Amino acid sequence: MTRSKLLSAILGTALLTACGPTQVVVTAELTDQGAEARALGDLEIRMFPYDRDAIFDSLTASASQPEPAIPDSVLDAQNQVAAAQQSWRDMDARWGVLRDTLQTLSEELEDLSRAQAAYRPLFREFGNKENELADVERQRDAAFENFTSLQSASMDAADQVRALRDQWADDAFADVALVMSLHERESGLSVAYDTTDASGLADGFAVKAGDYWVNARYELPYTELYWNVPVTVGAEPAQIRLTEANATVRPKL
């Protein structure tokens, strides 16, 4: 069954329910340029009956000290690490192609005798590819050393900033659980939880009608995608899609 048919079946079943909680279906996927959508499985989804970001913003504004900022130097260092990692991966992929090419040429040479006309040009090509492989291998190893060196320095700087921000958050957000509990009680609704399956589908939400914020985060190598999507749930089933388009990209220390 395709995802669209599955969603239709789920929503159709819920429509038969005349009363009671409303079913909410959440799908999560990423779309890489020029590629098919990639489902985000095992993603924890929460539906809050209040805007948790607004609560954190309020506590941040009332904190005795401003939140320690992430220095541009730390963010720039992370960008350099990401670029260095990609450079190393590109060189490693090129090395792999050359290695496979050499293997193919070697097998072709084994099937030829030195007296055959095709042998000498093929042998020269093998020698050229062998020299190229050695050059690429040196470049690959240098790129890896550059990547690991930058990564180590970046992690040290990020650790220092993280420690300052964590210490500040412990004080500024000391009462956040109590504040959220009061907002939940005032709403008359409850927080709902579910996790997406391998197809990026979370269909275990059954909530009372009202205003909610669909919350999730997905970690990337150096950043994270964060969702805090408002939705008003009525009597009819609802479907929410989480994609890059409605996510906020945040730095990850």
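A single member of R241, R185 is assigned to a helix (DSSP H, G or I), among the basic types (K, R) and farther than 28 Å from S73 by Cα, and it is R185.
So, F205, is that one closer than 30 Å to S87 by Cα and at pLDDT 95 or above or not? Here the answer is no, as F205 does not meet what is asked. Taking first residues from the stretch 100-123 that are within 19 Å of V136 (Cα to Cα) and partners that are surrounded by 10 or more Cβ atoms within 10 Å (Cβ to Cβ), the Cβ contacts under 6 Å between residues at least 6 apart in sequence or on separate chains come to T101/K129; L102/K129; L105/F126.
Checking each residue in the stretch 137-157 for being under 17 Å from P251 (Cα atoms) and free of Cβ contacts under 8 Å to residues at least 12 places away in the same chain picks out M155, D156. The listed residues are V229, V179, and the only one of them that is among the aliphatic types (A, V, I, L, M), part of a strand (DSSP E or B) and on the phi < 0 side of the Ramachandran plot turns out to be V229. Suppose the filter is outside the structural domain of R162 (by TED's automatic domain parsing) and within 18 Å of E44 (Cβ to Cβ); does T243 pass it? So T243 passes the test.
Looking for whichever is closer than 30 Å to A163 by Cβ, part of a helix (DSSP H, G or I) and modelled with pLDDT of 95 or more here; the options are A83, A93. Which one fits?
None of the others qualify; the one that does is A83.
Scanning the stretch 65-117 for residues that are within 20 Å of the chain's Cα centre (by Cα) and among the basic types (K, R) turns up just one, R89.
Residues checked against (1) at pLDDT below 95; (2) closer than 25 Å to V81 by Cα:
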residue: Q103; (1), (2): no, no
residue: E110; (1), (2): yes, no
residue: R120; (1), (2): yes, no
residue: V136; (1), (2): no, yes
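Every condition in (1) surrounded by fewer than 16 Cβ atoms within 10 Å (Cβ to Cβ); (2) aliphatic (A, V, I, L, M); (3) in a helix (DSSP H, G or I) holds for A169 except the one numbered (1).
If the condition is being touching a helix residue (DSSP H, G or I) at 6+ places or on another chain (Cβ under 7 Å) and of a type in the set (A, V, I, L, M, F, W, C), then the stretch 176-200 contributes V176, V179, M180, V191.
The values are calculated or read from the model by the stated rules, or taken from the named source; none is laboratory data. Since the structure is predicted, the reported quantities are computational estimates derived from the model, not experimental observations. Don't worry about glycine lacking a Cβ; one is built from the backbone with ideal geometry, like all the others, and counts go over all protein chains shown.
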